[in-house]
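One structure is given below, encoded as structure tokens.
The values are calculated or read from the model by the stated rules, or taken from the named source; none is laboratory data. Since the structure is predicted, the reported quantities are computational estimates derived from the model, not experimental observations. Neighbour counts run over all protein chains shown; Cβ positions are idealised from the backbone, glycine included. Please note that ligands, DNA and RNA were not included when accessible areas were found on the heavy atoms of the full protein model with its side chains. Shrake-Rupley method; radii C 1.70, N 1.55, O 1.52, S 1.80 Å.
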Amino acid sequence: MAVVKAAKLILALCALCVAADTSYDFTEFEDNFIHQWLDLFTINAANGTYSFLAKSSQAGVYGSADVLHILFVLDQFNLTNDGKRAAAQVINGYQNTSGFFDLQAAEQHTGFQPWHATGYVNAALRLFDARSEYNNSVYRELIASPNDWQSTVDVLLNATDGCSSIWSCGHKLAAMVAVLSMEGALQDVPQANAFVDWWNQYLNSRVDRNTGQWLVNPVWAPPAKEGLGGAFHLYFVYTWLQMPWPFPNASMTTAASMQHDGLWGGPTPSYIDIDGMYQVVRPAMALGTPEAEALASQACQQYLPVLHKALTSISTVLGPQLATNTHTLPALVGGVAECGKWFPDMVATRRPWKQCLDYAPFI
């Protein structure tokens, strides 16, 4: 048994050494391609105004939020202090007094709306030290009504609240806590902390211990992607609030087993891939064993070449896959940033790319 364990340890360490020898260069994307991509969406860069659809004169809140996420990740966020204030004013101009954001028809397809936008746009604001003008009234009403907590969460876990699966329902499950955190409610409203503690404990009681996913409906289980997508949104809030993942080894091994040809979705990289990568790498690095770290390294080593192929092809960056609207590219640069955070020798960039989820709890 000792010999077997020693052999596994040697293999794990060798995997880490091999990974360190392979680096993917994204400097052409940083220096040139991203600026050509931005030209398709820029209305007024000085105040953070961008269109959601390429070559459109209509500004959109997702256009601004997506671009600001991307620039933050690339460490190319160059707004002056006056520009930051102006950008906050532009983004808050899409918000109504209920705390929700007004969306174009095309922006409705970015997630389970209007809930996804509450988390995503607030996160974009937080990236440049701003915040929304209005608190979200629905989330505030919820924390003041403990008798409604379980029923509110149950309809989302069961996907009977207008969302199609735990993947889309997870947008609202995550946003309600992420937004309360970004609005400062956890510091200012005692009942908010009681709700978040309950939310955490209740979700822990409902998670599947074999996969680390929430699978009320068994059709969401692997190899289906719904459980993976839903769990990602909950786990980045867990991580933000320093809540332990309930079954980290199960989360890690399940997500790793779902990667094929470098991706978790395919055939081209998208959001489900950063969902999967995050659920391999974060628990692996938290567990801290050589075997877990080798598994994370191997996952990145398979993922990065697919991202590299996409981001170093000008026809892909400016083509329908990444430039129909602003909302796909953040997933790819976020994937590079996640692997680069833990395995910096795997990527070559002008400046270290920053994982936005370490600075704001929503993507």
Notebook entry, point to check: Considering only residues of the stretch 104-127 that are farther than 22 Å from GLN58 by Cα and not hydrophobic (A, V, I, L, M, F, W, C), which is surrounded by the fewest Cβ atoms within 10 Å (Cβ to Cβ)?
Noted result: ARG126
Notebook entry, point to check: When both residues are 6+ apart or on different chains and their Cβ atoms are under 6 Å apart, which pairs have a first residue that lies in the stretch 204-222 and is among the β-branched types (Val, Ile, Thr), and a second that is modelled with pLDDT of 95 or more?
Noted result: VAL207/TRP214; VAL207/PRO246; THR211/ALA250; THR211/THR254; VAL216/LEU157; VAL216/ASN158
Margin query: Quick test of your reading of the structure: ALA296 fulfils all but one of (1) in contact (Cβ under 8 Å) with a residue 60 or more places away in the chain; (2) buried (at least 24 other Cβ atoms within 10 Å of the Cβ); (3) of a type outside the set (D, E, K, R). Name the failing condition by number.
Written below: (1)
Check: Among the residues of the stretch 134-149, is there at least one that is among the aliphatic types (A, V, I, L, M), modelled with pLDDT of 95 or more and open to solvent by 30 Å² or more (accessible area, probe 1.4 Å)?
Finding: yes
Next item on the list: Assess whether GLN191 counts as being farther than 20 Å from LEU125 by Cα, in contact with a helix residue (DSSP H, G or I) (Cβ under 6 Å, 6 or more places away or on another chain) and open to solvent by 30 Å² or more (accessible area, probe 1.4 Å).
Entry: yes
Notebook entry, point to check: Which residues, counting only those in the stretch 45-63, are touching a helix residue (DSSP H, G or I) at 6+ places or on another chain (Cβ under 8 Å) and over 19 Å from HIS109 (Cβ atoms)?
Noted result: ALA45, ALA46, ASN47, GLY48, THR49
Item checked: Residues satisfying the stated conditions in the stretch 233-243, i.e. open to solvent by less than 10 Å² (accessible area, probe 1.4 Å), closer than 12 Å to PRO283 by Cβ and in contact (Cβ under 8 Å) with a residue 40 or more places away in the chain -> TYR235
Next item on the list: Would you mind stating whether ALA130 is open to solvent by 10 Å² or more (accessible area, probe 1.4 Å), assigned to a loop (DSSP other than H, G, I, E, B), at pLDDT 95 or above and closer than 19 Å to LEU203 by Cβ?
Entry: no
Checklist line | Qualifying residue in the stretch 274-288 (condition: small (Gly, Ala, Ser) and touching a strand residue (DSSP E or B) at 6+ places or on another chain (Cβ under 9 Å)) | finding: yes
Checklist line | Matching entry among PRO246, PRO344, PRO352, PRO269 (being open to solvent by 30 Å² or more (accessible area, probe 1.4 Å), more than 30 Å from VAL196 (Cβ to Cβ) and in contact (Cβ under 8 Å) with a residue 40 or more places away in the chain) | finding: PRO352
Next item on the list: Could you please let me know if THR254 is polar (S, T, N, Q), open to solvent by 40 Å² or more (accessible area, probe 1.4 Å) and at negative phi?
Entry: no
Check: Within the stretch 329-362, which residues are under 16 Å from the mean Cα position of the chain (by Cα) and charged (D, E, K, R)?
Finding: GLU338, LYS341, LYS354, ASP358
Checklist line | Residue selected from the stretch 225-246 under the condition assigned to a loop (DSSP other than H, G, I, E, B) and touching a Pro at 6+ places or on another chain (Cβ under 9 Å), by the criterion nearest to ILE363 (Cα to Cα) | finding: LEU241
Checklist line | Listing of helices (runs of 4 or more DSSP H) fully contained in the stretch 30-102 that carry 2 or more residues being open to solvent by 30 Å² or more (accessible area, probe 1.4 Å) and farther than 21 Å from ILE314 by Cα | finding: 81-92
Note to self: Could you tell me how many of the residues in the stretch 173-224 are in a loop (DSSP other than H, G, I, E, B) and of a type in the set (A, V, I, L, M, F, W, C)?
What the structure shows: 7
